[in-house]
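Remarks on the structure that follows.
The values are calculated or read from the model by the stated rules, or taken from the named source; none is laboratory data. Quantities reported herein were computed from a predicted structural model and do not represent experimental measurements. With ideal geometry, Cβ positions are generated from the backbone for all residues, glycine too; neighbour counts draw on all protein chains shown. SASA here: full protein model, heavy atoms, side chains in, ligands and nucleic acids out. Shrake-Rupley method; radii C 1.70, N 1.55, O 1.52, S 1.80 Å.
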Amino acid sequence: MRLLAASLSVLVLATCNAQGQAVSEATSQIPVEQFFQRPETSGAAISPDGRSIAIRRLSPHGRMMLVVLDTESQKSRAVANFNNADIEQFFWLSDERIGFTTVNIDHGGEVGQTGLYAIDRDGSNRIMLRPTIDRPRSFADGYQIKYDFFGPTSFNGFPNWPKDEMYVISQYLDHSELVRLSTRTGRISTIRAPSETYHTLLDADGQPRVVVARRNEQMRSYLREEDSWKEFDTRDFNNNDGYKPLLYAEGQLYVRARNQRDEAAVYRYDMQHRTLQQPAMIIAPGFDTDGHFIVGARNMLGYRFNTDAVTTVWFDPAMKAMQQQIDEQFPGLVNLISRGRQSTTPYVLINTHSDIQSHAYLLYNSQTRAVQLLGSAMPELPAQRMSSMNMERFAARDGRMIPVFVTLPKHAGKQPFATVLLNNRNMSERNGLWEWNAEVQFLASRGYAVLQVSPRGSSGFGAQHAQSPAAGQTPDAITDLADAVQWAAKQGYTDPARVCIAGGGSGGHAALKSLLQQPQVFKCGISWSALIAPRNDPDSASLQQLQQVKQPVLLAYDKDSERLDYQQGRKLYEALQAQQAPVQWLDYTTTVEDWKTQRPRIDLWRRIEAFLAAHIGQPAN
């Protein structure tokens with residue numbers, strides 16, 4: 001359980017006053033639309049010189065645009081504001097130039113296709129560098145707000161500096177190679193680097209210094225010395241002990257590795273002896289230390305990774321002192337601070353949030369301690385009406401400790417609640433983080449306890465936990481989900497007679513399997529955008545088995561006859577309906593306009609609210 005101060009008054013009042021929306025406690029329910037609307041502000045990044053802030057905001061016509069704010073004059077201007085596309089990732093290439101990607105393209109506007117772009121901070125000299133693949137999305141997907149919104153492009157050691165160019169991996173049908181991409185002309189030039197490179201680290205001069213290549217199922221690491229590349233580490237690609245180079249700074253390589261431990265840790269790498277230096281620099285018992293380094297002009301400042309919440313370890317004394325100062329000024333919050341890599345200004349950018357407060361972005365003067373609210377994700381949702389989240393661990397039937405986030409309804413007192421076990425969309429990834437979550441907070445606002453379980457097979461909690469048992473073996477992920485309910489009932493959180501399981505994607509498939517295999521635990525199930533059978537075996541036994549589900553089920557899909565998930569979901573629905581099982585079907589034809597209004601997602605959760613009330617009882621207010 002994360003132990004944080006309870007006082008949120010400073011930032012909550014600042015947000016409410018800034019928006020003129022101070023809200024008193026009320027007995028009326030918050031409308032579903034307010035939980036699932038697009039965020040007003042969903043990211044910010046400070047320039048290397050500290051004189052500009054790039055901010056991703058919602059435009060008047062419902063698109064995500066990019067705005068640049070001058071930290072001294074406080075003047076801002078939209079530099080990438082399209083009527084037919086959203087800004088997704090963005091990052092500073094230099095003091096003057098910004099890179100960004102676009103998604104959700106609608107034809108007939110300024111942007112013709114999804115792609116990687118570059119633009120000057122005054123909005124001039126925009127160029128499309130390369131097209132990108134438009135990933136398929138579910139109608140139920142929201143606009144994700146993450147602290148690493150600028151994406152892995154800037155996580156390759158030091159950022160590109162000082163030229164307006166990027167080093168990228170060019171992927172071909174039969175090979176991959178490291179190339180240099182000009183962000184002014186879009187031209188690509190080859191560089192001398194080991195073939196089949198798939199990962200690279202830049203040094204403080206912005207030049208490739210360490211690369212990792214995959215050859216003959218081996219993971220080979222190379223260090224550039226003058227004009228030649230020297231191999232210094234070779235491992236089996238599929239059994240690499242969690243090894244990954246993270247940063248090369250001041251002659252020192254830092255890597256992530258397990259080093260015969262269960263959880264991955266961060267180590268210094270001894271180039272002379274080609275081994276990890278003991279002891280580990282960063283260890284987080286019970287968690288893998290997957291994350292990225294924070295760098296200054298030429299040195300390493302700190303490391304940021306996930307435990308129960310986003311965590312930062314500072315090695316630089318000045319940044320460590322600043323973090324303490326900011327945490328004292330804004331207690332009870334996760335305060336992620338960043339300053340320009342070459343900055344001589346007093347300005348610091350703060351991304352602050354908690355389990356009951358959505359992300360807010362602050363411009364902070366480290367000399368005067370003055371703060372300015374740049375924007376927040378969900379300013380209409382008062383933090384004092386949200387429900388607290390805690391991470392705990394419980395013993396499964398074989399004794400393995402399983403992580404779970406527990407959220408209980410606000411002001412409902414001590415009682416067993418009707419409960420929703422909410423699966424992750426990707427069951428191989430950890431489920432939950434100590435931060436505001438729209439789905440969790442909506443369910444809690446309706447009186448439900450919410451369990452977010454990371455069963456075995458999910459990453460982030462060590463190698464043993466990430467290993468999925470062989471098919472047919474137990475305990476497995478499904479028994480872990482059932483054990484979570486039994487544990488929550490013993491803790492007094494859950495009424496075991498009123499439990500529903502829900503999820504999208506592979507989490508939706510796990511929900512259906514849980515109904516089949518654990519019928520005594522789960523009284524109903526909700527599944528959206530889930531594949532019923534593997535893509536490589538669409539006629540497997542999964543469909544026939546799931547046709548035996550007897551509990552009430554809500555199935556929801558994108559209405560697209562060409563999509564495999566829709567085809568399988570429809571077959572399951574028709575089979576259950578033929579057996580007169582209590583099944584409900586929803587399908588949605590999603591338009592680009594729907595990405596702006598979030599209409600399908602809002603409608604889904606309105607239907608989920610009615611489904612839950614009908615099948616696990618009207619919860620206590």
Wholly within region 157-265, strands (runs of 3 or more DSSP E) carrying at least 2 residues that are surrounded by fewer than 20 Cβ atoms within 10 Å (Cβ to Cβ): 165-171, 176-182, 188-190, 197-202, 208-215, 218-225, 228-236
Of all residues making up region 342-378, the number that are under 30 Å from Ser445 (Cα atoms), touching a helix residue (DSSP H, G or I) at 6+ places or on another chain (Cβ under 8 Å) and open to solvent by 10 Å² or more (accessible area, probe 1.4 Å): 4
Test: residue in region 484-493 that is under 19 Å from the mean Cα position of the chain (by Cα) and in a loop (DSSP other than H, G, I, E, B): no
Residue that is under 24 Å from the mean Cα position of the chain (by Cα) and modelled with pLDDT under 95, where the choices are Glu380, Glu392: Glu380
Inter-residue pairs, beta-carbon under 6 Å, first more than 19 Å from Arg304 (Cα to Cα) and in region 342-363, second assigned to a loop (DSSP other than H, G, I, E, B) and open to solvent by less than 10 Å² (accessible area, probe 1.4 Å), 6+ apart: Ser343/Gly50; Thr345/Gly50; Tyr347/Gly50; Tyr347/Thr71; Ile356/Met386; Ser358/Ala377
Enumeration of residues in region 381-425 that are over 18 Å from Pro455 (Cα atoms) and open to solvent by 30 Å² or more (accessible area, probe 1.4 Å): Gln384, Arg385, Ser388, Leu408, Lys410, His411, Gly413, Lys414, Gln415, Pro416
Options Phe442, Phe461; residue that is part of a helix (DSSP H, G or I), assigned by the TED database to the domain that holds Phe611 and at pLDDT 95 or above: Phe442
Yes/no for Gly99 being among the small types (Gly, Ala, Ser) and closer than 12 Å to Ala45 by Cα: yes
From the options Gly472, Gly492, residue that is surrounded by fewer than 24 Cβ atoms within 10 Å (Cβ to Cβ) and without any contact (Cβ under 8 Å) to a residue 12 or more places away in the chain: Gly472
Count of residues meeting criterion [of a type in the set (Val, Ile, Thr) and open to solvent by less than 10 Å² (accessible area, probe 1.4 Å)] in region 69-102: 4
Top-ranked residue of region 551-575 - restricted to ones that are modelled with pLDDT under 95 and outside any helix (DSSP H, G or I), ranked as most open to solvent (accessible area, probe 1.4 Å): Glu562
Any hit, region 268-279, residues being exposed (fewer than 14 other Cβ atoms within 10 Å of the Cβ), farther than 16 Å from Gly157 by Cβ and in contact (Cβ under 8 Å) with a residue 40 or more places away in the chain: yes
Residue satisfying all of: in region 576-621; in contact with a strand residue (DSSP E or B) (Cβ under 9 Å, 6 or more places away or on another chain) and farther than 25 Å from Gly142 by Cβ; modelled with the lowest pLDDT among these: Ala620
Odd one out for Ile532 among (1) open to solvent by less than 10 Å² (accessible area, probe 1.4 Å); (2) not in a loop (DSSP other than H, G, I, E, B): (2)
Number of the condition not met by Pro519 [criteria: (1) surrounded by fewer than 19 Cβ atoms within 10 Å (Cβ to Cβ); (2) touching a helix residue (DSSP H, G or I) at 6+ places or on another chain (Cβ under 7 Å)]: (2)
Scan of region 300-330 for residues that are open to solvent by less than 50 Å² (accessible area, probe 1.4 Å), more than 22 Å from the chain's Cα centre (by Cα), closer than 19 Å to Pro48 by Cβ and not acidic (Asp, Glu), ordered by number: Met300, Leu301, Met319, Met322
Failed condition for Leu543, given (1) under 19 Å from Ala510 (Cβ atoms); (2) at pLDDT 95 or above; (3) open to solvent by less than 40 Å² (accessible area, probe 1.4 Å): (2)
